[in-house]
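This report concerns only the one structure given below.
The values are calculated or read from the model by the stated rules, or taken from the named source; none is laboratory data. As the structure is a prediction and not an experimental result, all values here were calculated from the model. Note that each Cβ is placed from the backbone with ideal geometry, even for glycine, and that neighbours are counted across all protein chains shown.
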Amino acid sequence: MRDTAQAADLLSWYDQHARALPWRVPPAESRAGHRPDPYHIWMSEVMLQQTTVAAVKEYFTRFTTLWPTVQDLAAADDARVMGEWAGLGYYARARNLLKCARVVVAEHNGQFPDNREALLKLPGIGPYTAAAIASIAFNRAETVVDGNVERVMARLFDIHTPLPAAKPELTEKAALMTPGDRPGDYAQAVMDLGATICSPRSPACGICPWVAPCAARAAGTAAELPKKTPKKPKPTRVGVAYIARRADGAFLLETRPDKGLLGGMLCWPGSDWAEEVPEHSPPVEADWRDPGAEALHTFTHFHLRLAIRVADLPRGSNPERGQFLPPEQFRPSDLPTVMRKAFDLARASFVDMS
DNA sequence: AAGTCGGGGGA
DNA sequence: TCCCCAGACTT
């Protein structure tokens, strides 16, 4: 039942068209038996969860430069790692990244497990990432099922069941296609195919190595697959953020609790976010002014209109919330995007800031 | 099974 | 605008 001929067709396409990526071992070297650093594969795969290759590249280079080994990362300061992750989103990934690095060092002698089952036990590693590390880093015949693979399989077999209900069936088909030879290259090949040729809107069937066996191509349904169950509309929430600067240039900031939205991230103190601005008081008594602009931002499941208040504080100021960060310890790039937007709008209100 | 959790780029 | 992206985790 397993189809090795089609896998071979895809692999020869990959040998010619594999994208050069910072974490990737090119197919020529892979065929020669050279394996990538499991630490690099793990790092890239976690960053790539629901995130585009283009967005990940810079972060991957930065992280692996700052922390070249899993031991380096395990020893890193939490706030530093969260700050470097700022802007990439899904911040639970960064918290789990650190947890996972520390487990690998403490319980696995600094070596990533080489099989799917053991990898699955690690924080932040789910079915996809476990299969990706096992196949790509250790060349095990595990099947990766990401958004690309779901789309490719739905088309290859002309499956009209909507996602996520179709996931088990698509996973089964993907497993049947996975070869015993070069499974790591095959995993990357099938994802490259989905990313470059079997694209969501207008698939380039004319140059697809799998055009012959593709059932959706024959049926003329490729562009409308995979079907997905409709998603809910996003409500709008509102809130207020308070940006205060002390006379010595220190800003009043706080670190969010690990759980929930923007967990563990450096943020401006403020109200909760709801349909109406919740009852609240500013983090410190001050002459708050309104810069007259709101930060507009869209999260996964709601839109946010974040009003801003700005104040200059005297040296002896005693806030009820947050802590002062001196200017040499405050990098705006450590803020999640919505908070950086708010800061950019507030800058103009501090007359002596550019 | 459904909800939570970011952000950006392309159509 | 809307959709998508090398998903994981919680409820």
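Specify which of the listed residues (A:THR236, A:THR229, A:THR221) is more than 28 Å from A:LEU21 (Cα to Cα), touching a Phe, Trp or Tyr at 6+ places or on another chain (Cβ under 7 Å) and touching a residue at least 60 places away in the same chain (Cβ under 8 Å).
A:THR236
Where in the stretch A:271-347 are the strands (runs of 3 or more DSSP E), entirely inside, with at least 2 residues that are within 16 Å of DNA strand C (Cβ to nearest atom) and surrounded by fewer than 17 Cβ atoms within 10 Å (Cβ to Cβ)?
A:295-298, A:303-313
Could you tell me which numbered condition A:VAL144 fails, if it satisfies all but one of (1) of a type outside the set (Asp, Glu); (2) in contact with a Pro (Cβ under 8 Å, 6 or more places away or on another chain); (3) part of a loop (DSSP other than H, G, I, E, B); (4) near DNA strand C (Cβ under 9 Å from one of its atoms)?
With respect to (1) of a type outside the set (Asp, Glu); (2) in contact with a Pro (Cβ under 8 Å, 6 or more places away or on another chain); (3) part of a loop (DSSP other than H, G, I, E, B); (4) near DNA strand C (Cβ under 9 Å from one of its atoms), A:VAL144 is out only on (2).
Based on what the data block shows, is A:PRO164 free of Cβ contacts under 8 Å to residues at least 60 places away in the same chain and within 13 Å of DNA strand B (Cβ to nearest atom)?
Taking the combined requirement at face value, the residue does not satisfy it.
Pick out, from the stretch A:1-111, the helices (runs of 4 or more DSSP H) lying fully within it that include 3 or more residues that are within 21 Å of A:ALA141 (Cβ to Cβ) and out of contact with any strand residue (DSSP E or B) (no Cβ under 6 Å at 6 or more places or on another chain).
A:4-17, A:27-31, A:38-47
When you look at A:VAL81, is it touching a His at 6+ places or on another chain (Cβ under 8 Å) and of a type outside the set (Ser, Thr, Tyr), yes or no?
Here the answer is no, as A:VAL81 does not meet what is asked.
Any chance the stretch A:222-229 includes a residue that's surrounded by fewer than 21 Cβ atoms within 10 Å (Cβ to Cβ) and among the acidic types (Asp, Glu)?
yes
Can you find a residue that is away from DNA strand C (no atom under 16 Å from the Cβ) and either polar (S, T, N, Q) or farther than 23 Å from A:LYS341 by Cα (or both) anywhere in the stretch A:91-105?
Yes: the stretch A:91-105 contains one or more residues that are away from DNA strand C (no atom under 16 Å from the Cβ) and either polar (S, T, N, Q) or farther than 23 Å from A:LYS341 by Cα (or both).
State which residue pairs qualify: first residue assigned by TED's automatic domain parsing to the domain that holds A:LEU73 and inside the stretch A:39-50, second residue more than 16 Å from DNA strand B (Cβ to nearest atom) and assigned to a loop (DSSP other than H, G, I, E, B) in any location, beta carbons under 7 Å apart, and separation of 6 or more residues or different chains.
A:TYR39/A:THR69; A:TYR39/A:PHE112; A:HIS40/A:TRP23; A:ILE41/A:TRP23; A:TRP42/A:PHE112; A:SER44/A:TRP23
Among the listed residues A:ARG93, A:ARG24, which satisfies the condition of being more than 16 Å from DNA strand B (Cβ to nearest atom), assigned by TED's automatic domain parsing to the domain that holds A:ASP185 and surrounded by 13 or more Cβ atoms within 10 Å (Cβ to Cβ)?
One residue alone meets the criteria, A:ARG24.
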